[in-house]
Amino acid sequence: MRGRLRRILIALLILAGVVALAYHSRHKIHLADFTWRKFIHSVGQANIFLLLLCMIGIYGCYAIRAVRWQRFCKYVGPTSFVNTFAGTLMGFAAIFVLGRAGEPVRPLLLARKERLPVASMFGIFFLERFCDFAAAATLTCLALLVFPNRLSDAGADMNWVDSARNGGWLLLAAMTGLIAILVVYRLHGAAIVDRGLERWRNAGGFRSRFASAITGISEGLQAIRTTSDLLAAILYTALHWILATLIYLGTAKAFGEAFLHTEMNFSGAMLLLAVTLVGSVLQLPGVGGGAQIASFIALTKIFGVEQEPAAAIAVVLWIITFAGGTLAGIPLLIHE
């Protein structure tokens, strides 16, 4: 009964999030003049070869994630690329099927397949998420603060860009603060936490298990210990998100006719990716939701794309970047 009540509460929270997002966007999306004929025409005119290339590219992103995860596991235990890559595909397939409730599946699967401590895998998972947040924030800041003229070349609404630049500075400040907190924790905080939990580890029972779990998470968070570790983390994270930006750029270029008097460029793709990532926080099981809406709003309100091609691009972006991994991930999950 408790499990059913919990599922009902989670469903209500998700529904409330969808309603809130729809209410917030009520003045941004006007579908009264939306025509399915134009939508089908936009899909029919897309460059299929370029879209297939982007689909292949998303598996390259998963491969880079797997290599980065292996590097983070350097001080925890040995790993194999095959198991890590398969676990990564299954983990993202679980997010597609279950929504954000599927996030814990990946560290659990990787811990099981590699016979490594679960707590340490969650520590590495948190570190990985931090790297991804820092990369997404960097993309946003570069697009808004460093290359605004390139956004103008891509057809972006410069009034929107100018108003969003203050948000870019705030994001830069938040990212700097989080990096400082992580550095301080790595240099001093981890040892303090470890000493504070020593008595609990020797107490036995629940307190001992809790202390061991926290210690394991802390160990995972300390995966970056040397300069080479830091450079490797930056390199793999940069490669992953540059490739992801190229996938967004390639998908937009596959619908070249959608951009009437301009052409999407790398800076525009960075901004489109950043806005989509914000929407992807609301990931409904099997249907996405937030990512498509965010992409649609960015394309129509920032880049001036008509509604029908914007809807087509948003849906195809979701299929490639969020659903694409399920082609291999779901069969692997079933087999597992």
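The values are calculated or read from the model by the stated rules, or taken from the named source; none is laboratory data. Computed from a predicted structure; not experimentally measured. Note that each Cβ is placed from the backbone with ideal geometry, even for glycine, and that neighbours are counted across all protein chains shown. All accessible areas refer to the heavy atoms of the entire protein, side chains included, with ligands and DNA or RNA removed. Shrake-Rupley method; radii C 1.70, N 1.55, O 1.52, S 1.80 Å.
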Just one listed residue, out of G304, G324, is open to solvent by 10 Å² or more (accessible area, probe 1.4 Å) and either touching a His at 6+ places or on another chain (Cβ under 7 Å) or more than 15 Å from T276 (Cα to Cα) (or both), and it is G304
From the residues in segment 79-104 that are modelled with pLDDT under 85, farther than 13 Å from G324 by Cα and aliphatic (A, V, I, L, M), which one is most open to solvent (accessible area, probe 1.4 Å)? L98
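Would you call M270 at pLDDT below 80, under 30 Å from P148 (Cα atoms) and open to solvent by less than 40 Å² (accessible area, probe 1.4 Å)?
Values: at pLDDT below 80: no; under 30 Å from P148 (Cα atoms): yes; open to solvent by less than 40 Å² (accessible area, probe 1.4 Å): yes.
When the stated conditions are applied, M270 does not pass them.
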Residue pairs meeting the criteria (Cβ under 9 Å; at least 6 apart or on separate chains; first touching a residue at least 60 places away in the same chain (Cβ under 8 Å) and more than 15 Å from E103 (Cα to Cα), in segment 118-144; second of a type in the set (D, E) and assigned to a helix (DSSP H, G or I)): S120/E219
Only listed residue being modelled with pLDDT of 75 or more, within 22 Å of the chain's Cα centre (by Cα) and open to solvent by less than 10 Å² (accessible area, probe 1.4 Å), chosen from A238, A311, A291: A291
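With the requirement that a residue be open to solvent by 50 Å² or more (accessible area, probe 1.4 Å) and either at pLDDT 90 or above or part of a helix (DSSP H, G or I) (or both), what does segment 42-58 give you? Quick ask: steps written out before the conclusion?
Of the residues in segment 42-58, the ones open to solvent by 50 Å² or more (accessible area, probe 1.4 Å) are 43-45, 47-49, 52-53, 56.
V43, G44, I48, F49, L52, L53, I56 - these are the residues of segment 42-58 that are open to solvent by 50 Å² or more (accessible area, probe 1.4 Å) and either at pLDDT 90 or above or part of a helix (DSSP H, G or I) (or both).
I need a count of the residues in segment 105-127 that are open to solvent by 10 Å² or more (accessible area, probe 1.4 Å) and either of a type in the set (S, T, N, Q) or assigned to a helix (DSSP H, G or I) (or both). Break it down stepwise before answering.
So in segment 105-127, the residues open to solvent by 10 Å² or more (accessible area, probe 1.4 Å) come out as 105, 108-109, 112-119, 122, 125-126.
Filter once more, keeping what is either of a type in the set (S, T, N, Q) or assigned to a helix (DSSP H, G or I) (or both): 105, 108-109, 112-114, 118-119, 122, 125-126.
Looking only at that region, the number is 11.
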